[in-house]
Amino acid sequence: MVRCPNCGQKTEGDSCQWCGYPILRRGHRRRRKSEAEARAAREAQERARREAEETRRAKEAEAKAKKEAQEAREKARREAEETRKAKEAEARAIREAEEAKREAQEAQERARKEAEEARKAKEAEARAIREAEEAKKAAKEAQEAKEAKEKARKEAEEVRRAKEAEARAIREAEEAKEAKLAKEKARREAEEARKAKEAEARAAREAEEARRQAEEAKKAAEEAKERARREAEEARRAKEAKARAKREAEEAKRRAEEDAKAKEAEEKARIAREEWERARREVEAEEARKTEEARERARIAREEWERARRETLEAIEEAEKKTTEDTDKPA
């Protein structure tokens, strides 16, 4: 075995089994080479060395191209994953916007029903007030009839009736004052209902703004998809790897900004939905309280009317009884 003069490895044969370099063997009966043969041998050796060097460089270039292709495939896979996440975020934003719109419509319908119930409660309250006034009028007429029938009663009884009439007049004045306060309270309730409607309209506008931002996020996701397709096409061209890397870095930066905008739109939609829920709960609680107060006032007015009617009937019966006794009494 001899040592290759090119790579230094031990080998056999006419050429190196490691690098392919030609091996010149020397024997005892080697004939003298001419100058031309020696030059030809040197040229052959140089040519073999150059070919071996080119082969090595070609293998290194092939390995480098394979590595770049693998990196391009991995990058395309990551971009496809980011595009999928962007689509999922877009779909989630669209669903939340639709849900906010549906909740706003439901809130509008509930507000309309509650306003209708409040109107009915106010009508019932007004009706109770009218009935109380009619009862007062009837009581007054009964009192006048009673006074006409009981003119013959003793002076002490007349003084007592006068005191009772005075107390009743005081109560009626207090009731009129309460009715005036109830009217002012009803006006304030109407003003609060108007403010609740304005809050509801504001929540609807914010939901519309969230939907518009979701549409912008969708458009940005479509643009990102188109960019990913162009990048996959450019990954096939290995010679343009340097320029493509620069463009991909810029596009990655834009995608990060678009993702940030999509997250900001989602946060705005969530805040708008929370504000609308808080306003809706406050309006519902206030309307429930007002309805309960109106019912309580109507109940009290009804009880007052019933008590006045009973007192009037008892007074009439007592007057008739007294008249009957005076008539039956012998002269």
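The values are calculated or read from the model by the stated rules, or taken from the named source; none is laboratory data. Everything numeric here is computed off the predicted structure, so don't read it as measured data. Heads up, the Cβs are rebuilt from the backbone with ideal geometry, glycines too, and the neighbour counts pull from every protein chain shown.
With respect to the conditions (1) modelled with pLDDT of 80 or more; (2) exposed (fewer than 12 other Cβ atoms within 10 Å of the Cβ), VAL159 lacks only one, and its number is (1).
No other residue among GLU134, GLU90 is surrounded by fewer than 16 Cβ atoms within 10 Å (Cβ to Cβ) and among the acidic types (Asp, Glu) apart from GLU134. Restricting attention to segment 198-244 and to residues that are modelled with pLDDT under 75, among the hydrophobic types (A, V, I, L, M, F, W, C) and exposed (fewer than 15 other Cβ atoms within 10 Å of the Cβ), the residue that is nearest to LYS263 (Cα to Cα) turns out to be ALA243. For ARG273, work out the one condition from (1) of a type outside the set (A, V, I, L, M); (2) surrounded by 17 or more Cβ atoms within 10 Å (Cβ to Cβ); (3) more than 28 Å from the chain's Cα centre (by Cα) it doesn't fulfil. Here ARG273 meets the rest and fails (3). All of GLU267, GLU303, GLU274 fail the test of being under 17 Å from ALA176 (Cα atoms) and out of contact with any helix residue (DSSP H, G or I) (no Cβ under 9 Å at 6 or more places or on another chain), apart from GLU303. When we screen GLU99, GLU106 for residues that are within 30 Å of LYS197 (Cβ to Cβ) and in contact with a helix residue (DSSP H, G or I) (Cβ under 9 Å, 6 or more places away or on another chain), the only hit is GLU99. Every test in (1) more than 30 Å from ALA139 (Cα to Cα); (2) at pLDDT below 80; (3) hydrophobic (A, V, I, L, M, F, W, C) is passed by ALA298 save one, and that test is (1). Please tell me if GLU90 is touching a residue at least 24 places away in the same chain (Cβ under 8 Å) and within 21 Å of GLU226 (Cβ to Cβ). Yes. Per this entry, ALA63 is not counted among residues that are over 30 Å from GLU208 (Cα atoms), within 36 Å of the chain's Cα centre (by Cα) and either in a helix (DSSP H, G or I) or assigned by TED's automatic domain parsing to the domain that holds ALA207 (or both).
Condition check: out of contact with any Ser or Thr (no Cβ under 6 Å at 6 or more places or on another chain) and modelled with pLDDT of 75 or more. Does LYS137 satisfy that? Here the answer is yes, as LYS137 does meet what is asked.
As a summary of the residue check, ARG280 satisfies the conditions (1) at pLDDT 80 or above; (2) assigned to a loop (DSSP other than H, G, I, E, B) except for the one numbered (2). On the stretch given as segment 97-134, residues that are modelled with pLDDT under 80 and more than 27 Å from ALA294 (Cα to Cα) total 3. Among the conditions (1) farther than 30 Å from LYS64 by Cβ; (2) touching a helix residue (DSSP H, G or I) at 6+ places or on another chain (Cβ under 6 Å), the only one that GLU222 does not satisfy is (2). Counting only residues that are surrounded by fewer than 13 Cβ atoms within 10 Å (Cβ to Cβ) and free of Cβ contacts under 8 Å to residues at least 40 places away in the same chain, segment 57-83 holds 15 of them. Taking the criterion of being farther than 19 Å from ARG299 by Cα and at pLDDT below 75, the residues of segment 164-189 that qualify are ALA165, GLU166, ALA169, ALA173.
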